[in-house]
Structures are given as C-alpha cells and as structure tokens.
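Input: a single structure, listed below in structure tokens.
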C-alpha cells in the first residue's frame with residue numbers, strides 16, 4: 001500500500017484512505033482539475049485583499065480584533081503572525097498518525113476550492129506528507145470552535161520553516177532542518193492563508209476518523225469474543241434466535257444475533273448440553289449480548305456517519321464561492337457535530353467493554369457446576385492463580401471508561417473576549433475517545449484470552465467454525481495456560497491482533 005498514490009480531487013476521503021495516509025504512508029498527488037478551481041477561488045481573495053471593503057480574515061484582525069483594519073502591504077505579515085501567536089498548545093505531542101491524518105484532511109478540504117489559498121500551499125502540504133515530515137504538535141489547546149486553532153497553528157508553522165518536526169523516526173529537530181533534510185523549502189504566506197490553515201476541525205476529525213476505523217475492528221472482535229465466551233461458559237444460544245430479535249425491531253440487535261449464530265454454527269459444545277441442562281437462563285452478559293452490543297453498534301454507526309460527513313466538509317472561515325465571486329463569513333469551524341459524536345461514542349464503548357468484563361468475571365468465577373472449568377482457569381487452583389488478575393485489569397479499565405465517558409461538549413467556556421462565546425470542547429471529547437478505544441481493545445483482548453482458555457476445557461468438543469478459526473489465530477500467538485505466567489504480554493499480543501483485524 002505505501003507504493004500506492006492517492007489522487008486528491010477534493011472528494012471526501014474514506015476511513016480506509018485516511019488510515020492509508022496516516023498509518024501506511026500512502027503518497028498523495030493533487031488533481032489537475034482541483035488545482036484549476038483552487039486558482040479561481042484564489043483570484044477572488046486577491047481582489048478582496050486589494051479592495052477597500054473590510055473582509056474578515058483578509059484585511060482585518062481575528063476574533064475580537066476583527067474591527068482592526070490591515071493595510072494591503074501587511075496581509076502577508078499578519079498571516080505569519082497568526083500562526084506564531086496561535087501556536088499556544090501544551091501537553092504531550094499528538095501521535096504522528098494523528099498529525100498525518102490531520103494534514104490529509106486539511107489538504108482535501110483546501111482542495112475543494114472554498115478556502116482561497118494558492119496552489120503553493122497545497123503543494124507544500126502534499127510534499128511534507130510524501131516526505132513524512134511530521135510537525136511536533138502539542139495535543140492540548142483546542143476548544144473545538146474557530147477550528148482546532150492551537151494544534152493546527154503548530155502544524156502550520158512547519159510550512160513556513162518554524163517550530164519543530166520529525167522526519168520519519170529522526171528528530172525532533174527544528175522545522176527548517178527537517179525541510180532542508182528532505183530537500184523542501186519553506187513557503188511565504190499570502191492573504192488569508194494562515195487563517196485557512198488553522199480555522200478548521202481537522203484535528204478533531206482526524207482523531208475521530210482513526211478511532212472509527214479502530215472501533216470497526218474492535219466491534220468485530222467483540223462479537224467473536226462474545227460467541228467464544230458463550231461456548232466457554234456452556235451457555236445457551238437460544239436467546240439469539242432470529243424470531244426474538246425480529247420482534248424487537250432494533251437493527252443492531254438483529255445483526256449481532258445473526259453474527260453470533262453464524263460464529264457458533266456447528267458447535268458440538270452447544271449440542272452437548274442442550275437436552276439435559278438444568279439451568280433455565282444465562283446471566284445477562286451472555287443472554288443479552290445482542291441487545292447491549294447491538295445498541296452500541298447502532299450508536300457507533302451514527303458516529304461513523306458524522307465523521308464521513310466531516311471528511312467531505314469545508315470548515316474554514318470565511319468561505320469563497322468563486323462562481324458568484326462572493327466571500328461569506330459563517331461558522332463551519334464549530335466542532336459541535338464532532339464533539340457530540342465523540343461523547344456518545346465513549347458512552348457506547350463503555351457498554352462494549354462493560355459487558356465483556358462481565359463475561360470475563362462469569363467465566364473465571366468457577367461457581368457454575370454445569371461448566372467443567374476450574375476457578376480462574378487455573379491449571380492447579382491454589383498453587384496457580386491462573387487468570388484471576390486479568391479480570392482485575394478489565395475492571396480497572398471499565399472504571400476508567402466510565403470516568404472519561406462524562407460528556408465534554410456540555411461544558412462551555414467562553415473565549416476571545418466573548419465573541420467566541422459558545423465552544424464545543426470537541427477536542428477534549430476526541431482525546432478522551434482515543435483513550436477509550438485503547439481501553440476497550442484491551443478489555444476485548446482480555447475476554448479473548450480468557451475465553452480461548454475456557455474453550456480448552458471443553459475439549460474434545462468443538463465450538464462453532466467461526467469461533468474455532470478465531471481460536472486458532474489466538475493460539476498461533478498465545479499458547480494455552482499450563483502454569484502461571486504474566487498475562488500482560490498475552491493481553492498486549494491479542495490487542496495487537498485486534499488492531500490488525502481478527503478475521504474469521
């Protein structure tokens with residue numbers, strides 16, 4: 001995939017394309033037709049910059065300073081000053097993949113021809129992506145309105161040869177050295193270009209896009225883990241009957257139940273206890289898996305739609321409409337759609353992780369006389385503690401998920417002397433979502449570790465074909481438990497498998 005090249009036309013990127021650029025270093029090139037529309041829009045800005053009418057961000061100051069007029073010979077200076085003054089971020093740097101995704105989304109937004117930048121700016125963005133020059137961007141500082149100002153300003157400094165950057169795994173180093181190392185030269189900004197580089201939702205959208213791509217794989221693994229846990233617990237698949245789901249009418253529930261039935265198809269574990277099992281019903285964590293996981297999936301599908309909309313958006317201000325030769329000031333930079341999406345995604349992930357932890361607890365408890373598994377799946381209970389503490393880790397992660405699920409978007413703090421009086425706090429929501437994704441992946445890894453061990457105690461019986469294929473992939477990396485060993489490495493290994501995609 002790194003040898004491929006993605007043509008940037010201004011069309012919305014897909015999650016796969018964003019991940020390709022961010023994580024696999026797919027190269028980008030600018031489409032000729034897109035460049036033509038960009039040049040047309042630029043001519044509108046050039047005319048406005050020379051005019052006498054005040055146009056926000058072109059011949060005025062910014063935010064609450066918008067009443068201050070800027071002379072034509074100062075338009076380049078104010079754009080450079082804008083990047084410098086707004087680069088006020090703090091905290092640990094964003095991961096390189098987030099910065100690359102952010103740059104990719106910025107590039108495609110500018111390519112839509114409504115931001116009024118010169119083609120030189122897009123060419124420079126494409127070049128730093130293709131040379132893997134990644135600016136050092138402090139992660140905190142955005143309030144999620146007027147765009148991700150501070151993070152995008154730190155990223156924008158690279159284009160003018162300022163700030164710090166990495167080149168691949170080399171650095172950090174001064175941005176000027178990074179550009180020189182790759183044969184690139186800094187550019188000078190013209191009217192509106194500094195504002196166009198920072199006045200968008202690109203960091204929030206980048207984190208959400210990468211998170212959604214990860215969540216898709218986590219949900220696949222969560223369904224596999226639920227099915228494996230059912231057989232490892234000698235539970236009943238009766239509650240997954242299609243007729244039960246159909247009269248509830250919830251699409252996610254129906255889809256999850258169908259997937260579970262398919263994963264368990266052919267299980268001899270199920271048939272071994274179907275006729276003489278004295279248990280009337282399983283605990284909710286097994287019986288209600290379609291209802292809980294399905295509800296989360298429906299919610300996360302909505303989140304993905306919001307992200308897909310944003311990946312086709314222009315979130316700059318003001319906006320250029322070249323056909324009418326008009327410049328309109330609005331509020332597309334406001335991150336509320338992304339903020340709410342990230343908030344509800346964290347709530348949904350709480351339930352994906354929470355019900356998985358309950359299945360881990362149930363399987364390790366060893367109090368079900370109908371299931372021949374030892375307490376904590378220990379090889380020798382008492383002498384060996386088995387996977388006892390893996391459940392503690394899952395419980396700790398669940399508690400943290402619950403803590404960081406509190407919505408960030410409801411906590412407004414006013415900025416810019418009250419002109420920017422209702423901010424989204426979407427950046428906070430997205431940073432917390434990235435943590436949630438990592439935690440839920442680890443919880444599902446713990447469930448797969450425990451459930452795979454539980455399946456060993458059902459032998460010579462076999463689980464469903466889909467479950468057995470997943471079990472084989474896990475066993476190729478993590479051997480059965482024959483004596484106590486640190487589970488941390490096993491959990492990390494299975495987490496890595498989930499991140500790559502556990503396919504059956």
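The values are calculated or read from the model by the stated rules, or taken from the named source; none is laboratory data. What you are looking at is a predicted structure, and each value in this text was computed from that prediction instead of being measured. Because the Cβ atoms are built from the backbone with ideal geometry, glycine has one as well, and the counts that use them run over all protein chains shown.
In table form, for the structure just shown:
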read-out: Index of the failed condition, residue 443 passing every other in (1) closer than 30 Å to residue 146 by Cβ; (2) part of a helix (DSSP H, G or I); value: (1)
read-out: In region 18-38, residue nearest to the chain's Cα centre (by Cα) [restricted to those that are within 18 Å of residue 314 (Cα to Cα), surrounded by fewer than 19 Cβ atoms within 10 Å (Cβ to Cβ) and in contact (Cβ under 8 Å) with a residue 40 or more places away in the chain]; value: 31
read-out: Residues of region 239-249 that turn out to be surrounded by fewer than 18 Cβ atoms within 10 Å (Cβ to Cβ) and touching a residue at least 40 places away in the same chain (Cβ under 8 Å), as a count; value: 1
read-out: Checking residue 115 against (1) surrounded by 18 or more Cβ atoms within 10 Å (Cβ to Cβ); (2) farther than 18 Å from residue 12 by Cα, the condition it does not meet; value: (2)
read-out: Residues of region 364-374 that turn out to be within 38 Å of the chain's Cα centre (by Cα) and either assigned to a loop (DSSP other than H, G, I, E, B) or farther than 20 Å from residue 448 by Cβ (or both), as a count; value: 2
read-out: Residue that is surrounded by fewer than 13 Cβ atoms within 10 Å (Cβ to Cβ) and without any contact (Cβ under 8 Å) to a residue 60 or more places away in the chain, where the choices are 472, 438, 468; value: 472
read-out: Matching strands (runs of 3 or more DSSP E) fully within region 1-99 where at least 2 residues are more than 30 Å from residue 141 (Cα to Cα); value: 5-8, 27-30
read-out: Boolean, residue 503 is out of contact with any helix residue (DSSP H, G or I) (no Cβ under 6 Å at 6 or more places or on another chain) and over 18 Å from residue 391 (Cα atoms); value: yes
read-out: Flag for residue 252 being outside any helix (DSSP H, G or I), touching a helix residue (DSSP H, G or I) at 6+ places or on another chain (Cβ under 6 Å) and in contact (Cβ under 8 Å) with a residue 12 or more places away in the chain; value: no
read-out: Given (1) in contact (Cβ under 8 Å) with a residue 24 or more places away in the chain; (2) in a helix (DSSP H, G or I); (3) surrounded by fewer than 22 Cβ atoms within 10 Å (Cβ to Cβ), number of the condition residue 180 does not satisfy; value: (1)
read-out: Qualifying positions in region 395-422 - more than 30 Å from residue 470 (Cα to Cα) and either in contact with a strand residue (DSSP E or B) (Cβ under 6 Å, 6 or more places away or on another chain) or part of a helix (DSSP H, G or I) (or both); value: 403, 404, 416, 417, 418
read-out: Residue check, residue 201 more than 21 Å from the chain's Cα centre (by Cα) and at negative phi; value: no
read-out: Count of region 290-340 residues which are surrounded by fewer than 16 Cβ atoms within 10 Å (Cβ to Cβ) and in contact with a strand residue (DSSP E or B) (Cβ under 6 Å, 6 or more places away or on another chain); value: 1
read-out: From the options 269, 207, residue that is under 27 Å from residue 20 (Cβ atoms) and touching a helix residue (DSSP H, G or I) at 6+ places or on another chain (Cβ under 6 Å); value: 207
read-out: Top-ranked residue in region 385-395 [being touching a helix residue (DSSP H, G or I) at 6+ places or on another chain (Cβ under 9 Å) and modelled with pLDDT of 95 or more; ranked as farthest from residue 482 (Cα to Cα)]; value: 395
read-out: Qualifying position, being in contact with a helix residue (DSSP H, G or I) (Cβ under 6 Å, 6 or more places away or on another chain), surrounded by 16 or more Cβ atoms within 10 Å (Cβ to Cβ) and free of Cβ contacts under 8 Å to residues at least 40 places away in the same chain, among 261, 346, 359, 287; value: 261
read-out: Matching entry among 418, 426 (being over 30 Å from residue 482 (Cα atoms) and more than 21 Å from the chain's Cα centre (by Cα)); value: 418
read-out: Candidates 168, 235, 183, filtered to the one that is farther than 30 Å from residue 288 by Cα and over 23 Å from the mean Cα position of the chain (by Cα); value: 183
read-out: Which listed residue, of 246, 310, is in the same structural domain as residue 354 (by TED's automatic domain parsing), over 30 Å from the mean Cα position of the chain (by Cα) and either closer than 30 Å to residue 203 by Cβ or at pLDDT 95 or above (or both); value: 246
read-out: Residue within region 45-61 that is in contact (Cβ under 8 Å) with a residue 12 or more places away in the chain, surrounded by fewer than 13 Cβ atoms within 10 Å (Cβ to Cβ) and touching a helix residue (DSSP H, G or I) at 6+ places or on another chain (Cβ under 7 Å) present; value: yes
